[in-house]
1. Tell me which GluC sites (Glu not before Pro) from the stretch 180-278 have a DSSP coil assignment and no more than 16 other beta carbons within 10 Å of their own.
2. Based on a Kirkwood Rh over C-alpha pairs, give the Stokes-Einstein translational diffusion coefficient of the stretch 1-155 at 25 °C and viscosity 0.890 mPa s in µm²/s.
3. Can you give the calculated 222 nm mean residue ellipticity of the chain, where each DSSP H run of n ≥ 4 adds -39,500 (n - 2.57) and the sum is split over every residue, rounded to the nearest 500 deg cm²/dmol?
4. Determine which aspartates and glutamates satisfy two conditions relative to K142: a Cα distance under 20 Å, and not lying fewer than 8 residues away in the same chain.
5. Suppose we take every Cα in the stretch 109-262 and form the convex hull; what volume per residue is that in Å³?
6. Note down the net charge around A78, summing +1 for each Lys or Arg and -1 for each Asp or Glu among other residues with Cβ under 13 Å from its Cβ.
7. Starting from the Cα of H424, step 7 Å along the direction of its Cβ; do the same at T108; then give the gap between the two resulting points in nm.
8. Anything in the chain that counts as a DSSP H helix reaching 24 Å or more along its axis (C-alpha) with Kyte-Doolittle mean of at least -0.5? List them, would you?
Amino acid sequence: MLAGINKIGDLEWEVPIGYVPNMRVPGRFFLSRALTETLEEGAVRQLANVATLPGIVKHSLAMPDIHWGYGFPIGGVAAFDMTEGVISPGGVGFDINCGVRLITTPLTEADLAGKKRELIERLFAVVPTGVGAKSTMRVSNKELSDIMVDGARWAVEHGLGTEADLARCEGEGAMPGADPEAVSAKARQRGVPQIGTLGAGNHFLEVQVAREIVDPDAAKTFGIAEGQVCFMVHCGSRGLGHQVATDHLRVLESALARYQIKLPDRQLACAPVDSPEGRAYYGGMVCAANYAWANRQVIMHEARKVFAQLFGIDYDEMRLIYDVAHNVAKFEHHNVDGASVEVCVHRKGATRAFGPGAAGIPHEYAAVGQPVIIPGSMGTSSYLLHGTAAAMEKTFGSTCHGAGRVLSRSKAKKEVSGKELREHLAEEGVIVRAHSDSALAEEAPGVYKPSGEVVRVVHEAGLSEIVARLEPLGVIKG
C-alpha cells in the first residue's frame with residue numbers, strides 16, 4: 001500500500017487530511033489486499049484533491065474499481081453542501097449517464113442451441129455500434145429537445161417500450177431540471193443521429209445466462225432464476241454528452257477566479273451549485289442524462305424485437321429488472337451528523353445503491369433495496385446485487401460500477417491480439433461481434449481488474465449484496 005494511507009478496516013482505507021495541501025475532509029476507499037497492486041498513486045492523489053473542494057461533506061470516496069480519470073478518479077463519489085458546495089463536470093465524466101440495464105427473457109440456454117450466432121448477428125444488424133455510429137431513426141431538433149426533457153418516457157410514448165419499463169429505471173428514466181438552452185448547437189448536432197446506438201470503448205449489448213443465484217429471496221423479488229437467459233445494455237449519452245461536458249468545462253474554468261476557487265488540478269473546474277454557471281452545467285448534464293436513458297430504452301426495444309422474432313416469444317415476456325446510471329450528479333437527501341440534509345452527490349464510475357425502504361426505488365423492490373447491476377469485462381461474469389443500509393450510511397448510497405481498467409487502451413492493443421481474443425472466447429462458447437479486432441483488444445478481460453474480486457469487496461464491505469452471477473453467451477462491442 002502507498003505510504004501515508006491508513007488501514008481502518010478489513011477492506012477500508014483512509015487518506016488522511018494533509019495527504020495533499022488544503023484537504024477539508026479525509027479520503028476513504030474500499031479495496032482488498034489482492035487489489036492493492038492495481039492501485040495507482042495518481043488515482044489516490046485525485047481522491048485527495050477532490051477533498052479540497054469547497055463544501056464537500058464527510059469524505060471524498062472511491063470504490064474498489066478506482067483508477068485514474070479526468071479530475072475525479074473513476075470510481076469516485078463526493079457529496080457537496082447545497083449552500084457552500086460546488087458542482088464539477090470532472091465528478092461526472094464526459095460520458096454523462098453511462099449506465100447499464102438488465103432484461104430477463106423466458107428462455108433458457110438450451111433454447112439458444114443452434115441459434116446463438118444468428119441471434120448475435122441479428123442484434124449486431126439492428127443496433128448501430130462504434131465511434132460515430134448513426135441511428136436509422138431520424139429525430140428533429142424539436143424531438144431532441146423532448147428527448148432531453150422526457151428521457152426514456154419519450155421512447156415509451158413513441159411505442160419503443162412499455163409503461164412498466166419506466167418504473168424500473170433509476171428516476172423513472174429521467175431527471176428533473178433539464179435545460180435544453182444549456183445544450184450547444186454542436187452538442188445537438190452530435191446527438192440528433194445517435195439515438196439508439198452503442199458507443200465505442202467498454203459499451204456493449206451482451207446476451208447472458210444467470211449461472212448462479214446467491215440470494216434466492218432477492219432473486220425472486222427481482223424476477224430472475226438460475227439458467228435464465230438475460231441481456232444487458234451498457235452505454236451512455238454518446239457524442240451529445242461528451243460535447244455538453246466539453247462546453248461547460250470551458251465555462252467553469254473561466255469562472256474559477258470569479259468565485260475565488262483555488263484548485264490543485266484545473267481538471268476539477270467547478271462552480272457553486274447555485275451559481276449561474278453551476279445551474280447551467282446541471283441543466284445541460286440533465287439533458288444528456290435523459291438522452292442516455294432514452295438511448296438505452298431504444299436499444300432494449302430493438303433487442304426485444306429480435307428475440308421475439310427469432311424465438312417466438314412475446315415482447316412483454318422480456319422484463320426490465322432495472323436501469324442504473326454510473327456518471328451523474330444528483331440532488332439527494334442523506335443523513336449527515338444525524339440530520340437529513342440535501343446534498344449534490346457526484347458519482348463518477350459509481351452506481352447508486354439505495355438500501356431497503358429508501359425513497360426513489362420501485363415499490364416492488366422496497367423490502368430488498370435497489371437493484372445494482374455491475375457489468376464484467378468482456379468474457380467475464382457480470383453481477384446483479386442490491387443496495388444496503390450500510391451504503392446509505394457510508395457512501396451516500398453508492399457502490400462500484402464495474403471492474404476498473406488497469407491498462408490503457410493503447411497499451412492493451414500492444415499486448416493483446418483482438419483476433420486471438422475473439423477465437424479464445426469462441427472456444428469458451430462466447431460469440432463476439434465487433435467492427436474491428438482492435439476494438440476487441442482494447443476491452444480484453446486482462447486489461448481490467450477481476451470483476452469477481454471487485455464485487456466481493458463491495459459485498460463483504462456491505463455496500464451492496466450479491467443476488468446473482470451472470471455469464472456471457474454472446475456480446476456486441478462498440
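1. Those satisfying the criteria are E226.
2. After rounding, the answer is 127 µm²/s.
3. After summing the helix terms and dividing by residue count, I get -9500 deg cm²/dmol.
4. D150, E157, D179, E181
5. Enclosed volume per residue, from the Cα hull, is 181 Å³.
6. Around A78, the surrounding residues sum to +4.
7. Spacing of the two 7 Å Cα→Cβ label points: 3.2 nm.
8. 238-255, 276-311
The values are calculated or read from the model by the stated rules, or taken from the named source; none is laboratory data. Note that the structure is predicted; figures quoted are calculated from it, not measured. Using ideal geometry, Cβ is built from the backbone for each residue, glycine included, and neighbour counts are taken over all protein chains shown. Side chains are part of the model used for accessible areas, which takes the heavy atoms of the whole protein and leaves out ligands, DNA and RNA. Shrake-Rupley method; radii C 1.70, N 1.55, O 1.52, S 1.80 Å.
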